[in-house]
1. Filtering segment 243-260 down to residues that are of a type outside the set (G, A, S) and in contact (Cβ under 8 Å) with a residue 12 or more places away in the chain, which residue is surrounded by the fewest Cβ atoms within 10 Å (Cβ to Cβ)?
2. Check off (1) within 34 Å of the chain's Cα centre (by Cα); (2) surrounded by fewer than 20 Cβ atoms within 10 Å (Cβ to Cβ); (3) farther than 29 Å from F37 by Cβ for P291 and give me the number that stays unchecked.
3. What about F272, is it at pLDDT 85 or above, open to solvent by less than 40 Å² (accessible area, probe 1.4 Å), within 16 Å of ligand 1 (Cβ to nearest atom) and in contact with a strand residue (DSSP E or B) (Cβ under 9 Å, 6 or more places away or on another chain)?
4. Any residue in segment 46-55 that is surrounded by fewer than 18 Cβ atoms within 10 Å (Cβ to Cβ), within 25 Å of G32 (Cα to Cα), modelled with pLDDT under 95 and not acidic (D, E)?
5. What are the residues in segment 11-37 that are part of a strand (DSSP E or B) and either within 9 Å of ligand 1 (Cβ to nearest atom) or not assigned by TED's automatic domain parsing to the domain that holds I191 (or both), if any?
Amino acid sequence: MRARHAVLAEGLRKTYGTHEAVVDLDLAVDPGETYGFVGPNGAGKSTTINMLCTLLRPSAGRAEVAGHDVTRDPDSVRRGIGLVFQESTLDGELTAEENLRFQADLFGMPRARARRALADLLDLVELTHRKDSPVRTFSGGMRRRLEIARGLLHMPRVLFLDEPTTGLDPQTRVAIWEHLHRLRAEQEITIFLTTHHLEEAENCGRLAIMDQGQLVVEGTPAELKGVVGADLVVLRTGDDERAAHAVRERFGLEARTGPDGVRLRTPDGAAFVPRLCAELAVPVHSVTVTPPSLDDVFLHYTGRTIREADGPRQPDFGPRR
Ligand SMILES: Nc1ncnc2c1ncn2[C@@H]1O[C@H](COP(=O)(O)OP(=O)(O)OP(=O)(O)O)[C@@H](O)[C@H]1O
Ligand SMILES: [Mg+2]
């Protein structure tokens, strides 16, 4: 029987002493979705994934993954999921193929099936040519790809990825996403991931923004950005003060002057610019129109940018280990 939801959580909660790491979380992810959990350090993302993967017992509430209850039937949940941890868990002394074979043995996969799956997956993540090299000789991106392959070996229905690309350079990040998109196209699988890269979150069908243990808002990237609603228009003009004044008077929009020029927000920036230039009695030297970003969304809901919320640690700029 197919589960109606790939992941379902109701009132899920985790408390460490008096600290509430995850507070009354409700969520429902459909089979085949790519669902992203976005939030700064300490938001409760890994704690949530660990509860969903049966590695951590919820303090309250319930969750079902791949159709099974995480507390009552953890073994069935484990058979239905693949997991890529935030920290690498590959054995550097073993080759890529040996790492996968070890996992196949753990899952008791029949030899012939394991051999086929192993070859297909090494192909999918483009590591066939390195299958006999010890993993300690792999780059960060290659390790990540191998871990994703390992997570898929027993053909799980739901793949959990905790920060799949943290510590990787932008090019490798894009390559990993190409693999994930290909995987989605080739196999019917649900992907549940956490990230604090907002650009990466754009790859998800649906997102939940998490902050301080709470799910703040949920929706498609377009829906979330739609809530912020307005493009940012920045004008460089011959006289910024006069231009800002004219924008306020003629268009009734809030306009501010700053070092980069006149800044204003309006829903359809591209259509607004020609009208603005026609009616503004000040020479316009340049215009940029920037659609709302997920960072704007985060700011809108939490009052902080995600980088401010991350505090002094800056995982965007290097590996965390
Ligand atoms: N074993 C633990 N004991 C006590 N507190 C913990 C434990 N694990 C996590 N926490 C706390 O719970 C909160 C959520 O942590 P969690 O690891 O889930 O955050 P995260 O969103 O995954 O952050 P990051 O982006 O840094 O990975 C943090 O305040 C953390 O300090
Ligand atoms: Mg984490």
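The values are calculated or read from the model by the stated rules, or taken from the named source; none is laboratory data. From a predicted model like this one, the values you see are computed outputs, not experimental measurements. With ideal geometry, Cβ positions are generated from the backbone for all residues, glycine too; neighbour counts draw on all protein chains shown. Only protein heavy atoms, including side chains, enter the accessible area calculation; ligands, DNA and RNA are left aside. Shrake-Rupley method; radii C 1.70, N 1.55, O 1.52, S 1.80 Å.
1. Kept after step one, since they are of a type outside the set (G, A, S), are these residues of segment 243-260: 245, 247-251, 253-254, 256-257, 259-260.
With in contact (Cβ under 8 Å) with a residue 12 or more places away in the chain added as a condition, the list becomes 247, 250-251, 253, 256-257, 260.
On the way: V247: 24, R250: 13, F251: 16, L253: 16, R256: 13, T257: 17, D260: 11.
Step by step, filter segment 243-260, then rank; the result is D260.
2. Failing condition for P291: (3).
3. Working: at pLDDT 85 or above: yes; open to solvent by less than 40 Å² (accessible area, probe 1.4 Å): yes; within 16 Å of ligand 1 (Cβ to nearest atom): no; in contact with a strand residue (DSSP E or B) (Cβ under 9 Å, 6 or more places away or on another chain): yes.
No; evaluated as a whole, the condition is false for this residue.
4. So in segment 46-55, the residues surrounded by fewer than 18 Cβ atoms within 10 Å (Cβ to Cβ) come out as 55.
Narrowing further to those that are within 25 Å of G32 (Cα to Cα): 55.
Narrowing further to those that are modelled with pLDDT under 95: 55.
Checking the rest, the ones that are also not acidic (D, E) come to 55.
Taking every residue of segment 46-55 in turn, at least one turns out to be surrounded by fewer than 18 Cβ atoms within 10 Å (Cβ to Cβ), within 25 Å of G32 (Cα to Cα), modelled with pLDDT under 95 and not acidic (D, E).
5. Looking only at segment 11-37, we keep the residues that are part of a strand (DSSP E or B), and these are 11-16, 19-29, 34-37.
Result: K14, Y16, H19, E20, A21, V22, F37.
Each row is one residue, and each column tells you yes or no for (1) in contact with a Pro (Cβ under 7 Å, 6 or more places away or on another chain); (2) on the phi > 0 side of the Ramachandran plot; (3) surrounded by fewer than 17 Cβ atoms within 10 Å (Cβ to Cβ).
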| position | (1), (2), (3) |
| --- | --- |
| G167 | yes, yes, no |
| E178 | no, no, yes |
| R184 | no, no, no |
| T195 | no, no, no |
| E200 | no, no, no |
| V233 | no, no, no |
| E241 | no, no, yes |
